[in-house]
């Protein structure tokens, strides 16, 4: 009886230890806005764009070859969530703007058209949700009241 238990322990235990459950997928989350004051950043007059298309691309750090790509769309609050099933250890991943459904706000804001995202579990982060910086489109014309708003930012600097 002891031999059967020993044989069972030697055969079954390593199989149980090596069988690991699948990793949790990552959720890349961010927002897309319309820069209604042409300020280059989010302000109290900023509006968020529903139906904007974004994509997530991961590239090899050395060769810059495209390894992974997936698109997503913002919801009613201008927030998108892109689910990524695998770890992208040493790759460079960026969320980037694709298009805006608004004709009056469809030009990507320079410097705010992409956001770097780290998609690995080998960095000390426990959560599988990765938050990307907000990305924005520029309005064709500034809305009313923007001059006063931007002036108030300058007053605070002194």
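The numbers here are math on the coordinates, done by the rules we state, and not lab data. Here the structure is a predicted model, which means the values were calculated and not measured. All Cβ positions, even for glycine, are placed from backbone atoms using ideal geometry, and neighbour counts span all protein chains on display.
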Zone of residue 144's modelled label, taken as backbone nitrogen in the range 28-43 under 20 Å from a point 7 Å along Cα→Cβ: 35-39
Evaluate E = 1/(1 + (r/R0)^6) for residue 116 and residue 47, where r is the Cβ-Cβ distance and R0 equals 25 Å; express this FRET efficiency to the nearest 0.05. 0.50
Can you compute the label reach from residue 96? Point 7 Å from Cα along the Cβ direction, backbone N cut-off under 11 Å, restricted to the range 53-88. 55-59, 66
For labels at residue 153 and residue 107 in the simple 7 Å Cα→Cβ model, what's the distance in nm? 1.7
With 10 angstrom as the radius, rank 35, 113 by how many other C-beta atoms surround their C-beta, starting from the fewest. 113, 35
Give the shape of the range 23-139 as rounded, prolate or oblate, defined through the alpha-carbon gyration tensor: a ≥ b ≥ c are the square roots of its eigenvalues, a/c under 1.5 means rounded, and otherwise the shape is prolate if a/b is larger than b/c and oblate if not. prolate
Average Cα contact separation per residue, the range 23-139, under 8 Å, 6 or more apart, as relative contact order %: 35
Row for the range 31-73, column shape: gyration tensor on C-alpha, a ≥ b ≥ c, rounded if a/c < 1.5 i.e. under 1.5, prolate if a/b over b/c, else oblate; value oblate
